[in-house]
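So the structure is just underneath, and the comments pick up after that.
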Amino acid sequence: MRLTALHTLILTLLTTLLLHSFAAQAAPGSTAALYQASGMNQHQEHFQFALKAAQQRYAKQLPASIYETLVTQSNLRFAPKKMHDRALARLALTLQDEDQRQALAFYDSPLGRKVVGAETRATSPAAIVAMQRGLPEPELTPERRAQIERLSELLPALDIGVEVSLSLASLAAASANSFLGGLMQIPESVVTGRRGDLRNQMQPNLPATLAHVYRDLSDDELAGLIKWSESEHGKLFYAAVELAVRDALNP
């Protein structure tokens, strides 16, 4: 299964947003309110749609026997319930109640609701198709470009993108090994050894992707998102999500 750097970034955003929804389902109190306020239920639906669309696309590119093996492995590895359980186990160990309350306060604010609207539109099926066709070169003022660059540093999108890419590559290797029936094995080191290369490949695309996702936010609103991302609770939240992504992708 081969993905371009842009496709990996798109999946990264989807996976990150999906795992936010896992956090919201962990407990009935502030997490349930956070789930509703952040609109993560829509992101989860979009993620599943993107996964099924990817499977259908590979049906036209691979021999039937290899495709069936790949789909079987994919459905097992990325089963929503199992990803949910692995993410929750990690988030339960890292997120405190106060962190969730602070996140809820942010998403309940006018800025938080606008951020949610931008993210929800970005993960819709139509938006994903449009992004796969190529993003327009953003025309940014120096101030706006500096804000996007700062946000690129704060969000864990790049590290998560590497994990998504490695997980998908590992899935492809596992599917090939299963299909070959032990006649030839692809070592795991072949996959994990590409971590640095993948990071270097994805780095140049991240600012343009984030500029597109948050294009409707004003400079002041983008500054507010950066302020949340720089806060102690924001940093703890993103760190927990990054760990949860890794656990969810790797059973």
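The values are calculated or read from the model by the stated rules, or taken from the named source; none is laboratory data. Everything quoted here is computed from the prediction, not taken from an experiment. Please note: Cβ atoms are built from the backbone with ideal geometry, for glycine as well, and neighbour counts cover all protein chains shown.
Filter the range 206-251 down to residues that are assigned to a loop (DSSP other than H, G, I, E, B) and of a type in the set (S, T, N, Q) and give me whichever is modelled with the lowest pLDDT.
Ranking the qualifying residues of the range 206-251, first place goes to Asn250.
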Residue that is closer than 17 Å to Leu225 by Cβ, surrounded by 18 or more Cβ atoms within 10 Å (Cβ to Cβ) and in contact (Cβ under 8 Å) with a residue 12 or more places away in the chain, where the choices are Gly112, Gly161: Gly112
message: Anything in the range 122-143 that is assigned to a helix (DSSP H, G or I) and either surrounded by 17 or more Cβ atoms within 10 Å (Cβ to Cβ) or aromatic (Phe, Trp, Tyr) (or both)? List them, or say none.
response: Ala122, Ile128, Met131
field: Number of the exception - Gln102 against (1) in a helix (DSSP H, G or I); (2) surrounded by fewer than 17 Cβ atoms within 10 Å (Cβ to Cβ); (3) in contact with a helix residue (DSSP H, G or I) (Cβ under 7 Å, 6 or more places away or on another chain)
entry: (2)
statement: The condition from (1) under 27 Å from Lys235 (Cα atoms); (2) surrounded by fewer than 13 Cβ atoms within 10 Å (Cβ to Cβ) that Gln61 misses is numbered (1)
- request: Taking Glu119 as meeting all but one of (1) loosely packed, with under 13 Cβ neighbours inside 10 Å; (2) of a type in the set (D, E, K, R); (3) touching a residue at least 60 places away in the same chain (Cβ under 8 Å), write down the number of the exception.
  value: (1)
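Does Ser109 satisfy the criteria of being at pLDDT below 80 and of a type in the set (S, T, N, Q)?
Numbers: at pLDDT below 80: no; of a type in the set (S, T, N, Q): yes.
For Ser109, the condition - at pLDDT below 80 and of a type in the set (S, T, N, Q) - is not met.
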